[in-house]
Amino acid sequence: MTEGGEGRAAFRHRTAEIAVAGLFLALGALVVYDSVRLGMTWGADGPRPGYFPFYVGMIICVSAAINIVRAVLLRAEAEKTFVQVGQLKMVLTVLVPSVLYVALVGWIGIYVSSILFIGFFMRWLGKYAWWKVAVVSVATMVVFFLIFEVWFKVPLPKGFVEAWLRLN
Amino acid sequence: MDEIQSLIHGFGVAMSTKNLLLMFTGIVLGVIIGVLPGLGGANGVAILLPLTFGMAQQPGGATSAIILLSCIYWGALFGGAITSILFNIPGEPWSVATTFDGYPLAQQGRAGSALTAAFTSSFVGAFVAVVVITFLSPVVARFALEFGPPEFFAVYLLTFCAFVGTSKEPPFKTLAAMMLGFALAAVGTDPVTGTLRLTFGSTHLLTGFDFLVAVIGLFGIGEILLTLEEGLAFKGASARINLKVVLETWKELPRYWMTSIRSSAVGCFMGIVPGGATPASFMSYGVARRFSKNGDKFGTGQIEGVVAPETAAHAAGTAALLPMITLGVPGSPTAAVLLGGLMIWGLQPGPLLFIEQKDFVWGLIASMYLGNIAGLIVVLTCVPLFAAILRVPFSVIAPIIIVVCAIGAYTIHNAIFDVWMMVVFGVLGYLFKKLQYPLAPLVLAIVLGDNAEASFRQAMLGSQGDMSVFFSKPLVGSMTALALLLLFWPLIAYLRGRLRRR
């Protein structure tokens, strides 16, 4: 493995294994906790609501614990790279805008935010000319508008721009 | 023969102009979905499911809706082969084995014959599986009419234990992923008493997690993130299929009849027992390599190496619908999504479907025959068109796919919260894929969790809490025993390996 730069490991395999197994352990514990609150025993009219989830949670916890132990013990695995810096950057360049996009959808509706989102990608990652960016992003959303709202009559979230254009 | 008569009746239902049109639409959409990275059978059907809500309310509409959605599934199965052979990118997990010999063939300039072989053997595999469905499913359904809660729970147990026993992933990861699915299914209202569970006071969680959102996130967004790691450029061989290549390949194919039969059998078996299409394709490739005269040449571009996995994957993908319509237990994530559709349209999947909804069931089965013929025609004639889609740069196609996923997640319940959940599931899907946590049992557990729990509790109520009810009768006992055998299979295999090494 070449050290330095984009090929460097951002996370080791073992770190990732332990982190995800830890997440499982926490979720399992949460399930067990709520099941105990609901009653995991046998009630007067059969198993109480927490009965089934209790065992589900227990199995999650036990499996997660075993996975953590396995990750710690596997020495050869620990040397492997889970994700390289360059790869992580790539993933984040999509993930972060996607999160912003979802936030935007809740605020100004899906049409305007999707046009901005597609446009951002084409301009920033694809380095397309502005007119191409505008044509592709707007045309895509017009097609979606026709398919969903007009043809199948499924309403999509809208904001003030659509209200101003009197589309809703 | 009752089945033949019912089938002819089914053809009458499926042959209407509207349904044939939907069939072709579904196939074309499905191939596009199968070709695009990040969209596959399961999440493609999940995204388009809300479009059928309105359609299903008209008389006979549920049949049209299932024809549309199942044809999307067939299309996606066909589409996976295109990307594997031309671009060395398996569009679907079950086409991974197709790349082994398909891509070398394309590099040698024989992409046309590889594609023809793949499509034709897909068709053969699917056809065998549909014949099996036609004659076996009424028998299974009649049999299942006698099932009580213990039997149903044993079927669920068998389904989930089969995942532990047959998957290539580490057993404790399979178990963890599966149980996470059950936990997510438990969120919301308790199906028996109506108590709120695991909601922690959140109003968004009152109705629980919708598995469609999970499917779109895990398979869609997760897949996009994984694809990004590999880089942005797709470099592929060009494909042109003309009649001459097709006919030449067809002349060659009968030579591999034994491989076809073997692969169809493996596929049907793995599809009905919920192993799924992916292990079926690998298993069939391995078996073909062992039995073939040219076994040592596999991996360098053998037509037979394309025939084996494609036949099995399609047979398994199709056969996965058998337990879905007869028992209400889907054999694959996509079958699970179709099952979800059935429930949303107001049909109760299970053995009663064969009595109460004859038009629907036989219309669907007839449409499987027609859909696969339509599929074969569409893919053989339009390959260059579909391959062109993959040449659209990723910086254009990736945001559009994410937008499509977001729309799909939103339209299920008209809730922005679901879109957020989709992103969370996307990140989980990315991590799980990289760390070999299997996604299929997780999705199936979310779908079946409530039913499995309800049948378990009903069985326990009937027996006053006595666990031996699961061994009380020969049928339920043998199913439970088989399930336990599969559950402990990794342990048995491990111990056997140690004993032999000594």
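The values are calculated or read from the model by the stated rules, or taken from the named source; none is laboratory data. Keep in mind it's a predicted model, so treat the numbers as computed, not measured. Reconstructed Cβ throughout: ideal geometry from the backbone, glycine too, with neighbour counts over all protein chains shown. These area figures cover heavy atoms from the full protein model, side chains too; ligands, DNA and RNA do not enter into them. Shrake-Rupley method; radii C 1.70, N 1.55, O 1.52, S 1.80 Å.
Could you run through the stretch A:22-65 and say how many residues are touching a residue at least 40 places away in the same chain (Cβ under 8 Å) and touching a helix residue (DSSP H, G or I) at 6+ places or on another chain (Cβ under 6 Å)?
3
From B:PRO90, B:PRO50, B:PRO59, grab the single residue that is assigned to a helix (DSSP H, G or I) and surrounded by fewer than 24 Cβ atoms within 10 Å (Cβ to Cβ).
From the options B:PRO90, B:PRO50, B:PRO59, the qualifying one is B:PRO50.
When you scan the stretch A:128-143, do you find a residue that is in the same structural domain as A:VAL96 (by TED's automatic domain parsing) and modelled with pLDDT under 85, even just one? Spell out how you get there, then give the answer.
First pass over the stretch A:128-143, keeping only residues in the same structural domain as A:VAL96 (by TED's automatic domain parsing): A:128-143.
Filter once more, so that each one left must be modelled with pLDDT under 85: none.
Checked the stretch A:128-143: no residue is in the same structural domain as A:VAL96 (by TED's automatic domain parsing) and modelled with pLDDT under 85.
Each row is one residue, and each column tells you yes or no for (1) crowded, with 19+ Cβ neighbours inside 10 Å; (2) acidic (Asp, Glu); (3) farther than 18 Å from B:ALA319 by Cα.
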{"residue": "B:GLN107", "(1), (2), (3)": "no, no, yes"}
{"residue": "B:VAL124", "(1), (2), (3)": "yes, no, no"}
{"residue": "B:LEU145", "(1), (2), (3)": "no, no, yes"}
{"residue": "B:ALA154", "(1), (2), (3)": "yes, no, yes"}
{"residue": "B:LYS173", "(1), (2), (3)": "yes, no, yes"}
{"residue": "B:ASP210", "(1), (2), (3)": "yes, yes, yes"}
{"residue": "B:ALA214", "(1), (2), (3)": "yes, no, yes"}
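Among the candidates A:LEU30, A:LEU25, A:LEU38, which residue alone is more than 9 Å from every other protein chain (Cβ to nearest Cβ) and open to solvent by 10 Å² or more (accessible area, probe 1.4 Å)?
On the way: A:LEU30 fails: more than 9 Å from every other protein chain (Cβ to nearest Cβ); A:LEU38 fails: more than 9 Å from every other protein chain (Cβ to nearest Cβ).
The conditions single out A:LEU25.
Which residues, taken from the stretch A:44-69, are of a type in the set (A, V, I, L, M, F, W, C) and more than 8 Å from every other protein chain (Cβ to nearest Cβ)?
Of everything in the stretch A:44-69, those that are of a type in the set (A, V, I, L, M, F, W, C) and more than 8 Å from every other protein chain (Cβ to nearest Cβ) turn out to be A:ALA44, A:PHE54, A:MET58, A:CYS61, A:VAL62, A:ALA65, A:ILE68, A:VAL69.
Kindly indicate which of A:ILE68, A:ILE108 is open to solvent by 10 Å² or more (accessible area, probe 1.4 Å), of a type in the set (Val, Ile, Thr), touching a residue at least 24 places away in the same chain (Cβ under 8 Å) and in the same structural domain as A:VAL143 (by TED's automatic domain parsing). Write out each step before concluding.
Details: A:ILE68 fails: in the same structural domain as A:VAL143 (by TED's automatic domain parsing).
Sole residue among the options that is open to solvent by 10 Å² or more (accessible area, probe 1.4 Å), of a type in the set (Val, Ile, Thr), touching a residue at least 24 places away in the same chain (Cβ under 8 Å) and in the same structural domain as A:VAL143 (by TED's automatic domain parsing): A:ILE108.
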